Amino acid sequence: MNNKSVKSGFGIGCIIFVAAALIAIPLRTIQFFTVLEGGTGFYSETDWSVYLLFGVLAVSIIAFLVFGFTKRKTLEYSLETTKRPGLSSLSLIAACGLALDAFSCLMKYSTVEPSATAMDSPVNASQLILMIEAVFALLSAIYFILLWLTYLNGKSNASKIRLLALAPVIWSILRIVIRFMRTISYIRVSDLLFEMIMIAFLILFFMALAQANTGISAEKVEWKLGAYGLPAALLALICFVPRLIVMISGNSHLFYSESTVEFCDLGVALFIIGTVLTRVTDRIPEANN
């Protein structure tokens, strides 16, 4: 059953995902070296690559949503108790990424300057949210470590990890709140726009995952895992891979000043892909007596 969704389940959505990623990631990388202004993240010009990138993203996201919705009655989420070594490894990678995000939040906390209206307070709003995000990043890392152990030994199906299942949802909400607090145009800074759309889909995916794993309000939630998860994973890779290439090439000055390489994006993207491929399957028809 573990490999069934490669041929069925959300298989067509995964093919669309691969095609979109192969086009969008190189395009975004090229943009860093051609039309993106370092520091501000603004486009210096709107050339063919901008229209093509937004076109690919729009078409693929719509395709994920439409395909998922049309299969909402035929998909199921595999709760089979079995060893899942691949998904186990991806869960551990996600845990490491979240632990790094907690550390990053603590580092940012020490560099945030108090606002003029909060000079009398030892902690301003941004610092408070960063602290809370660090806490929930650690709780999310613990959740993924438990998933790692669960999938590694194959003795349970993760349905008993209930309270911690909400930690990634809250962590994602805090991430998007931090970005809403930035006093800059969300439309003109494409990095910020991609991040916010990505995190919005992450919130929806992790909520659906919590429902599917725990069985709480889980009826016909399976389609949401692919329909929301694949857009989140695609945007996460678009945010991570080009920045990593730019950083390795020694051109970090090309980054938007408040968007850097975040390994948590890679971790959750890989986990989502693994989940959709191995746990979202076609529903087995009930046998007629």
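In the range 43-55, which residue that is open to solvent by 40 Å² or more (accessible area, probe 1.4 Å) and either part of a loop (DSSP other than H, G, I, E, B) or touching a residue at least 24 places away in the same chain (Cβ under 8 Å) (or both) is nearest to ASP191 (Cα to Cα)? Ranking the qualifying residues of the range 43-55, first place goes to TYR43.
Within the range 123-158, being surrounded by fewer than 15 Cβ atoms within 10 Å (Cβ to Cβ) and not in a helix (DSSP H, G or I) holds for VAL123, GLY154, LYS155, SER156.
Scanning the range 184-227 for residues that are surrounded by fewer than 22 Cβ atoms within 10 Å (Cβ to Cβ) and part of a loop (DSSP other than H, G, I, E, B) gives ILE184, SER185, TYR186, ILE187, ARG188, GLY215, ILE216, SER217, ALA218, GLU219, LYS220, VAL221. Tell me, which residue of the range 228-241 that is among the aliphatic types (A, V, I, L, M) and open to solvent by 10 Å² or more (accessible area, probe 1.4 Å) is nearest to the chain's Cα centre (by Cα)? Going through the qualifying residues, I end up with LEU237. Scanning the range 242-253 for residues that are within 17 Å of VAL189 (Cα to Cα), surrounded by fewer than 19 Cβ atoms within 10 Å (Cβ to Cβ) and in contact (Cβ under 8 Å) with a residue 40 or more places away in the chain yields a single hit, HIS253. Residue count for the range 254-284, restricted to those that are among the aromatic types (Phe, Trp, Tyr) and either in a helix (DSSP H, G or I) or open to solvent by 50 Å² or more (accessible area, probe 1.4 Å) (or both): 2.
Candidates are the residues of the range 164-188 that are among the hydrophobic types (A, V, I, L, M, F, W, C) and modelled with pLDDT under 85; the one that is nearest to GLU45 (Cα to Cα) is ILE187.
The values are calculated or read from the model by the stated rules, or taken from the named source; none is laboratory data. Just so you know, these numbers come straight off a predicted model, no measurement behind them. Glycine also receives a Cβ, built like all others from the backbone with ideal geometry; neighbour counts cover every protein chain displayed. Areas reflect the complete protein model, heavy atoms only, side chains present, ligands, DNA and RNA absent. Shrake-Rupley method; radii C 1.70, N 1.55, O 1.52, S 1.80 Å.
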